[in-house]
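Here is the structure we will look at, set down as structure tokens.
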Amino acid sequence: MPLRPPTVLVLVAVLLAGCLPAAAPVSLTVYSGRSQELVGPLFERFTNETGIRIEARYGDSAELAALLVEEGANSPADVYFSQDAGSLGAVAAAGLLEPLPPELLQRVPAPFRSDEGEWVGVSGRARVLVYDSRELSTGDLPQSVDELIEPAWRGRIGWAPTNGSFQAFVTAYRLMRGDDAARAWLTGMAGNQPRRYEGNSAIVQAVADGEVDVGLVNHYYLLRAIAEQGSDFPVRNHFFEGSDPGALINVAGAGLLATSRNRDAAERLLEFLLSADAQTYFAEQTSEYPLVAGVEGPAGVPPLAALAAPQVDLSNLADLGGTLRLLNDTGVLP
């Protein structure tokens with residue numbers, strides 16, 4: 001019996017479908033100022049859940065921001081994931097970020113996202129002073145970062161002037177007190193002969209080793225050291241008062257590049273980073289503060305809501321160039 005026309009059409013459709021190439025998997029190019037060690041596992045989770053592949057380019061946040069500005073409209077990037085708000089602000093100021101959906105932005109409190117809706121904070125970090133609990137009690141500690149320029153602290157401080165989080169703190173100091181005050185503070189600090197380190201982890205270890213008594217870092221570096229070395233680790237965090245520049249709460253955050261060819265997939269990544277699963281990951285695995293309501297923060301530090309951070313608009317931390325010039329002018333950086 002001859003095949004009926006509908007049956008023939010079905011068979012032809014099946015045969016043609018078998019000859020067509022499979023659709024290429026969607027992939028995203030992410031310029032990440034967060035290290036592979038920290039966020040690589042999260043990217044893997046995202047890919048496993050969505051099938052969207054992540055092509056990550058890891059590097060220093062400020063350097064990646066400069067690269068994005070240099071690449072301009074020719075950038076292959078879909079998402080920029082920065083370790084600090086200042087670098088995000090620089091990319092936004094260059095007109096390279098697309099506004100994000102309001103429903104995504106509203107998952108995070110207003111102080112931790114762009115005023116213009118161009119980036120959103122993903123996790124928070126508080127600036128602190130770590131100290132040697134064998135040598136110092138809480139009553140011995142300065143109540144303001146300004147007290148560190150007093151002669152009593154000469155030779156006892158560790159800092160990392162090349163570190164992005166330190167430079168963001170200096171930018172915040174400039175916004176709060178003005179350039180002249182920031183210059184005076186940096187000059188006073190340099191005169192107190194602080195020991196220079198390459199990063200926050202090195203400062204925390206230097207305090208533990210007795211090289212210095214105190215050091216300026218982000219809060220989570222101590223928590224990681226305690227997790228690795230045990231509760232007998234002799235260093236503790238000291239939180240400055242909320243009105244002090246030393247109490248700055250900065251964010252790691254992300255924005256969607258105007259060059260993105262996969263906007264829907266890029267938005268899905270940002271939604272994932274603000275999911276309860278990812279926010280819990282930041283609290284438990286990196287000891288950072290989650291920014292989405294209802295997710296418990298890291299153990300061993302005050303809740304984020306209990307920290308009275310200084311009134312600094314994180315959208316205004318973009319002037320890294322002005323901070324670098326000031327650090328050079330004062331001899332803090334060569």
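Quick one: helix 5-19 against the long Cα principal axis of the chain, what's the angle to the nearest 10°, folded into 0 to 90?
With rounding to tens, the tilt is 40 degrees.
Quick query: amide H of ARG53 versus all other amide H atoms, modeled in the peptide plane; which residues come in under 5 Å with a sequence gap of 5 or more or a different chain?
VAL26, SER27, LEU28
Per residue of region 105-113, what does 6.51 cos²θ - 1.76 cosθ + 1.60 with θ = phi - 60° give for ³J(HN,Hα)? Whole Hz please, x for Gly and Pro, Karplus curve as stated.
Values per residue, Gly and Pro as x: 4, 6, 6, 10, x, 3, x, 10, 9 Hz.
What are the ³J(HN,Hα) couplings of region 290-299, residue after residue, when phi is run through the Karplus curve with 6.51, -1.76, 1.60 and θ = phi - 60°? Round to Hz, x for glycine and proline.
x, 10, 8, 4, x, 9, 5, x, x, 6
Can you grab the distance from the C-alpha centre of region 155-172 to the C-alpha centre of region 177-201, Å, no decimals?
If we compute the Cα centre of each part, the gap is 7 Å.
If you average the C-alpha positions of region 282-329 and of region 74-118 separately, how far apart do those two centres end up, in angstrom?
Region 282-329 and region 74-118 have Cα centres spaced 15 Å from each other.
Spelling out what I want: for every residue of region 186-198, take phi, set θ = phi - 60°, compute 6.51 cos²θ - 1.76 cosθ + 1.60 (Karplus), and round to whole Hz; glycine and proline get x.
5, 5, x, 4, 4, x, 8, 6, x, 8, 8, 10, 7
Quick check: residue separation of ASN74 and SER201 times 0.36 nm, minus the Cα distance between them. What number comes out in nm?
Gain in length upon complete extension: 42.1 nm.
Mean separation of Cα pairs under 8 Å and 6+ residues apart, divided by the residue count of region 63-184: what relative contact order is that in percent? Walk me through the numbers on the way to the answer.
Details: 53 pairs, mean separation 21.5, N = 122.
So the answer I get is 18 percent.
Which chymotrypsin sites (Phe, Trp or Tyr not before Pro) does region 80-138 hold that lie in a coil by DSSP with at most 15 other beta carbons within 10 Å?
Counting only loop positions with at most 15 other Cβ atoms within 10 Å, none of the chymotrypsin sites (Phe, Trp or Tyr not before Pro) in region 80-138 qualifies.
If I model a spin label at GLU37 and ASN316 as a point 7 Å from the Cα along the Cα→Cβ vector, what separation in nanometres do I get?
Spacing of the two 7 Å Cα→Cβ label points: 3.6 nm.
Normalising by the residue count of region 201-254, find the relative contact order in percent from Cα pairs under 8 Å and 6+ residues apart.
27
Once you have the Cα-Cα distance between THR162 and LEU136, take 0.36 nm times their residue separation minus that, and quote the gain in nm to one decimal. Don't jump to the answer; show the numbers that get you there.
Values: separation 26, 0.36 × 26 = 9.36 nm, distance 2.71 nm.
Between THR162 and LEU136, full extension yields an extra 6.6 nm.
Mind running the shape call on region 240-300? Use the C-alpha gyration tensor, a ≥ b ≥ c as the square roots of the eigenvalues: rounded below 1.5 for a/c, prolate if a/b tops b/c, oblate otherwise.
Numbers: a/c = 3.37, a/b = 1.60, b/c = 2.10.
Judged from the Cα gyration tensor, region 240-300 comes out oblate (a/c at least 1.5, b/c at or above a/b).
When only DSSP loop residues count, what GluC sites (Glu not before Pro) in region 282-327 have their Cβ near at most 14 other Cβ atoms within 10 Å?
GLU296
Quick one: helix 36-50 against the long Cα principal axis of the chain, what's the angle to the nearest 10°, folded into 0 to 90?
Here the helix axis deviates by roughly 30 degrees.
Indicate the gyration tensor shape class of region 256-334 (rounded, prolate or oblate), computed on the Cα atoms with a ≥ b ≥ c the square roots of the eigenvalues: a/c under 1.5 is rounded; otherwise a/b larger than b/c is prolate and the rest oblate.
Oblate shape, in that a/c is at least 1.5 and b/c is the bigger or equal ratio.
Looking at region 230-334, which trypsin sites (Lys or Arg not before Pro) are DSSP coil and have at most 14 other C-beta atoms within 10 Å of their C-beta? All intermediate terms of the calculation are to be shown ahead of the outcome.
On the way: sites: ARG236, ARG261, ARG263, ARG268, ARG325; in loops: ARG261.
Taking region 230-334 and a limit of 14 other Cβ atoms within 10 Å, the loop trypsin sites (Lys or Arg not before Pro) found are ARG261.
Using the Kirkwood formula over every pair of different C-alpha atoms, what hydrodynamic radius in Å results for the chain?
Details: mean 1/r = 0.0467 Å⁻¹.
Radius from the Kirkwood sum: 21.4 Å.
For the chain, calculate the relative contact order in percent as a whole number, restricting contacts to Cα pairs under 8 Å that are 6 or more residues apart.
Dividing the mean separation by the residue count of the chain yields 26 percent.
A short reminder: the numbers here are calculations on the coordinates, not readings from a lab. Predicted model only: the values in this text are computed from it and were never measured. Because the Cβ atoms are built from the backbone with ideal geometry, glycine has one as well, and the counts that use them run over all protein chains shown.
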